[in-house]
Amino acid sequence: MKGAKQTTLRDQVALSGVGVHSGAPVTLTMHPADDDAGIVFQRLAPDGSLEREIRADVRAVTATEFATVLGDASGPLCSTAEHLLAALRGLHVDNAIIEIDGPEVPIMDGSAAAFVDAIDQAGLTARALPRRYIEVIKPVRVARDDAFGELRPYSHGFRVEAEIAFDHPLIGKQAIALDIEPATFRREIARARTFGFMRDVAKLWSAGYALGASFENTLVISEDRVLNPEGLRFADEFVRHKVLDAVGDLALAGQPLLAAYRTVRGGHKLNHAVLSALMADPSAWRLVEAAE
C-alpha cells in the first residue's frame, strides 16, 4: 500500500451479452470516474437517459439468493454484479462508472475474464489522491449451520482462503488460499466459471432463475461428468469460482480491504453477512490511507 494512488479507467469500454438469470440482452459500459467516486452503477432508460444510480456498497445489497443484487428503496437496479466487481477489485480499480441498460450484468462466459480483458483494453491511470483502505483490526465471524465466514487482521494486503464440500464425485472437498494481487487474480481466479447441476435446472427455471444459462456461460455438471465440451479450466475450478465470488462480494466494502477472509461452505449470502457484521462494528476496522 505504500505510495498507492487511487486509479480509474483511462478510457471507456463496452461489453454486450445476456443476463444468466433474466436471459435478457444487456450492454454494459465502463467509464472513468473522479477520485473518491468509488464504483457507481447507472441504470439507463430505454431512450438512453439516466434512470437511476447507486454506489456499489454493502448497504445497497437487496438480495443474495443466487447472485448479488444491488438496489435501493425503489427496487433492484442490477443483479449479478459480483463478477464485474471482482474484476475491478482484483485489478485495483478504485473508481468507475458502470452504465447498464438492462436488469442484470451480462454473464459473459461465466467468469470475470471478459471484464478483465475490457479493463485491460481501457487501461488504467493513477489519480491524485492516495488510495484508502479498510483495515480489519479484530476478527469478525459469522456462522450458519455447517458454513462460516471470518475476516481477520492481515498485514500483507487482501487474502482469501476458501473451502467447499459437495457430495458429488467431481467436486468433493476443495480448498485454496491466495493473496489477491492483479497478477494472481488474472492467472488463478479470473477464468473460473460459475457452475451448476443438471438436477437443479428445472427447479431454477420454475423459480424464474437461470433463464439465460447455457454451456457457453455456465459449468454444468451431471451426476458423473462435466457436460461442457471444453471441460474444466482448472482441476479445482469450483473453489476458485467461490474465491471469485468472494472478491466481488467483499468489494462492496467500498474500499479495498486489508484483511484475510476465510470462507467454509459459503456463498453470496454468507459473504454479505460477514461484511455487514464488519461494517456494523466500528471497533473491528479503521480507514487508513496509503503512505506517501
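The values are calculated or read from the model by the stated rules, or taken from the named source; none is laboratory data. Here the structure is a predicted model, which is why all the values come from computation and not from measurement. Cβ placement follows ideal geometry from the backbone for every residue including glycine, while neighbour counts extend to all protein chains displayed. When the accessible area is computed, the model is the full protein with side chains, heavy atoms only, and any ligands, DNA or RNA have been set aside. Shrake-Rupley method; radii C 1.70, N 1.55, O 1.52, S 1.80 Å.
Roughly how big is region 1-98's charge dipole about its Cα centre, with Cβ charges of +1 (Lys, Arg) and -1 (Asp, Glu), in debye to the nearest 20?
Magnitude of the dipole: close to 260 debye.
In what sequence, largest accessible area first, do Thr80, Thr27 appear using a 1.4 Å probe? Mind showing how you got there, number by number?
Values: Thr80 10, Thr27 50 Å².
Output order, biggest surface exposure first: Thr27, Thr80.
Please list 3J(HN,Hα) in residue order for region 12-25, calculated via the Karplus relation 6.51 cos²θ - 1.76 cosθ + 1.60 where θ = phi - 60°; whole Hz, with x for glycine and proline.
After applying 6.51 cos²θ - 1.76 cosθ + 1.60, I find 7, 8, 10, 9, 10, x, 10, x, 5, 8, 6, x, 8, x Hz.
What's the center-to-center distance, using Cα atoms, between region 159-188 and region 44-69 in Å?
28 Å
Give me the percent of the accessible area of region 45-189 that comes from carbon and sulfur atoms, probe 1.4 Å, all protein chains in place.
Carbon and sulfur together cover 50 percent of it.
Taking amide H positions as placed in the peptide plane 1.01 Å from N, state which residues far from Ala96 in sequence (5 or more) or on other chains have amide H under 5 Å from it.
Gly38, Ile39, Val40
In whole Hz and in residue order, list the ³J(HN,Hα) couplings for region 54-66 that follow from phi through the Karplus curve 6.51 cos²θ - 1.76 cosθ + 1.60, θ = phi - 60°; x for Gly and Pro.
Rounded to whole hertz, the list is 8, 7, 5, 8, 4, 6, 8, 7, 10, 7, 9, 5, 10.
Quick one: accessible area per residue over region 80-132, 1.4 Å probe, rounded to a whole number of Å²?
26 Å²
Taking amide H positions as placed in the peptide plane 1.01 Å from N, state which residues far from Ala63 in sequence (5 or more) or on other chains have amide H under 5 Å from it.
Distant-sequence amide H within range of Ala63: Val69.
Quick one: how many lysine pairs does the chain have with C-alpha atoms less than 23 Å apart and a gap of 8 or more or different chains? Give me the count, please.
Going through the chain pair by pair, I get 7.
Would you work out the charge dipole size for the chain about its Cα centre, treating the Cβ of every Lys and Arg as +1 and the Cβ of every Asp and Glu as -1, and quote it to the nearest 20 debye?
Once rounded to the nearest 20, the dipole reads 680 debye.
List every residue whose amide H lies under 5 Å from the amide H of Ala260, counting only residues 5 or more places away in sequence or on a different chain, with H placed 1.01 Å from N in the peptide plane.
Close amide H contacts, sequence-distant or interchain: Arg152, Tyr154, Arg159.
I need the phi-derived Karplus couplings for region 29-34: 6.51 cos²θ - 1.76 cosθ + 1.60, θ = phi - 60°, integer Hz, Gly and Pro marked x.
So the J values, rounded to whole Hz, are 10, 9, 10, x, 9, 6.
Given region 99-243, what whole percent of its Cα pairs are spread farther than 25 Å?
Roughly 43 percent, once rounded to a whole number.
Got the relative contact order for the chain handy, in percent, Cα pairs under 8 Å and 6 or more residues apart?
On the way: 705 pairs, mean separation 80.2, N = 292.
Reported as a whole number, the value is 27 percent.
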